[in-house]
Amino acid sequence: MEIQSKQMMYLGHDLICWSSMKQKTIAYFSIKAKYHSVASIAVGFTHPYPSFQDLRRSIVAILGSKTGASVNKNKAMVESLQHNGVITSSKVAEVMEAIDRGLFVESGTQAYVDSPMQIGYNATISAPHMHATCLELLEQHLQPGMRVLDVGSGTGYLTACFAIMVGPHGHVVGVEHIPELVSFSIENIRKSAASSLLKEGSLEVHIADGRLGWPELAPYDAIHVGAAAPEIPQPLIEQLKPGGRMVIPVGTHFQDLKVFDKMLDGSFTVRTITSVRYVPLTSKDAQLRS
């Protein structure tokens, strides 16, 4: 939408532009640090605003609503990943729109930028394109009623996405060895679209060494590992269901994202998807020292 702006105002950290046309056309462009692209969000509509003050009050009302703020930014992030060919699955797009990434990072950070972010304790939350990639690789093993293990669940973002995909008749377990991150992730999930699944018990998060998995609910149709292991941990191989799939970064200085498929007869295949850079899958003490 092209606008010949005659008047302009700043509202907090957002730039509002509006035209001098008789039937005012309004465009809202976010330039908050939380989103990386100016003009990435455009809320366009027409109304005959008689004054600058009326316009400002109307824009404040829009920005104060859920649909006028973070949800639009999250949706724009997903649409950008679709446009760039990262997301090809409509189901993955739907789930990533439902789970607002902004709820899973500290407030004031660049939640919707396609980049990994520090979350404290020498850990990171992966970039949105990596989340999308892992969801697409695991999609056929995230069908309703299936069971999922999320190793190194961090702030809980992908754990919540997995839970939405498998639904109330499935089961998702997140394991994370930093207690503070477990508490933070549970708080985040409670604010998200996966809240009811956490409450009902089909989604749970535990303090545990991810290298050992979570044998209590094995076997799993899908296992996602959010940190790089020197080699695929044997306990995770054992906890993967025949016919199941694991997505895991493997390596030390040089890492590759691997897809590990276990056949029905117990044999397996491994293929490389792309080069990546993750924090190491290690002990709690080693992570905090690194």
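The values are calculated or read from the model by the stated rules, or taken from the named source; none is laboratory data. Remember, it's a predicted structure, so these values are computed and weren't measured experimentally. With ideal geometry, Cβ positions are generated from the backbone for all residues, glycine too; neighbour counts draw on all protein chains shown. Ligands, DNA and RNA are excluded from the accessible area calculation, which covers all protein heavy atoms including side chains. Shrake-Rupley method; radii C 1.70, N 1.55, O 1.52, S 1.80 Å.
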Subject >> Residue that is nearest to residue 101 (Cα to Cα) [pool: residues in the range 185-207 that are part of a loop (DSSP other than H, G, I, E, B) and open to solvent by less than 20 Å² (accessible area, probe 1.4 Å)] >> reply: 192
Original post:
Limited to the range 110-136, what total is found for residues that are open to solvent by less than 40 Å² (accessible area, probe 1.4 Å) and closer than 20 Å to residue 80 by Cβ?
Top reply: 14
**OP:** Kindly provide the set of residues from the range 170-184 that are part of a strand (DSSP E or B) and either aliphatic (A, V, I, L, M) or under 9 Å from residue 205 (Cβ atoms) (or both), ordered by number.
**Re:** 172, 173, 174, 175, 176
Subject >> Which numbered condition residue 222 fails, given (1) closer than 19 Å to residue 134 by Cα; (2) hydrophobic (A, V, I, L, M, F, W, C); (3) exposed (fewer than 15 other Cβ atoms within 10 Å of the Cβ) >> reply: (3)
Original post:
touching a strand residue (DSSP E or B) at 6+ places or on another chain (Cβ under 9 Å), among the polar types (S, T, N, Q), assigned to a loop (DSSP other than H, G, I, E, B) and open to solvent by less than 30 Å² (accessible area, probe 1.4 Å), is that true of residue 153?
Top reply: yes
Original post:
For residue 167, all conditions in the list (1) within 25 Å of residue 210 (Cα to Cα); (2) in contact with a His (Cβ under 6 Å, 6 or more places away or on another chain) hold save one; what is the number of the exception?
Top reply: (2)
Subject >> Residue list for the range 208-244, restricted to those being touching a residue at least 60 places away in the same chain (Cβ under 8 Å) and in a helix (DSSP H, G or I) >> reply: 210, 211, 217, 236, 239
Original post:
Among the candidates 231, 216, which residue alone is acidic (Asp, Glu) and in contact with a strand residue (DSSP E or B) (Cβ under 7 Å, 6 or more places away or on another chain)?
Top reply: 231
Original post:
Failed condition for residue 108, given (1) modelled with pLDDT under 95; (2) in contact with a helix residue (DSSP H, G or I) (Cβ under 9 Å, 6 or more places away or on another chain); (3) not acidic (Asp, Glu), with all others met?
Top reply: (2)
**OP:** Could you grab me the full set of residues in the range 92-109 that are touching a residue at least 40 places away in the same chain (Cβ under 8 Å) and either open to solvent by 70 Å² or more (accessible area, probe 1.4 Å) or within 16 Å of residue 159 (Cα to Cα) (or both)?
**Re:** 92, 95, 96, 98, 99, 100, 101, 102, 103, 104, 105
**OP:** Go through the residues of the range 143-150 one by one and say whether even a single one is part of a helix (DSSP H, G or I), open to solvent by less than 20 Å² (accessible area, probe 1.4 Å) and touching a strand residue (DSSP E or B) at 6+ places or on another chain (Cβ under 7 Å).
**Re:** no
Original post:
Right, residue 172: open to solvent by 10 Å² or more (accessible area, probe 1.4 Å) and of a type in the set (Val, Ile, Thr) or not?
Top reply: no
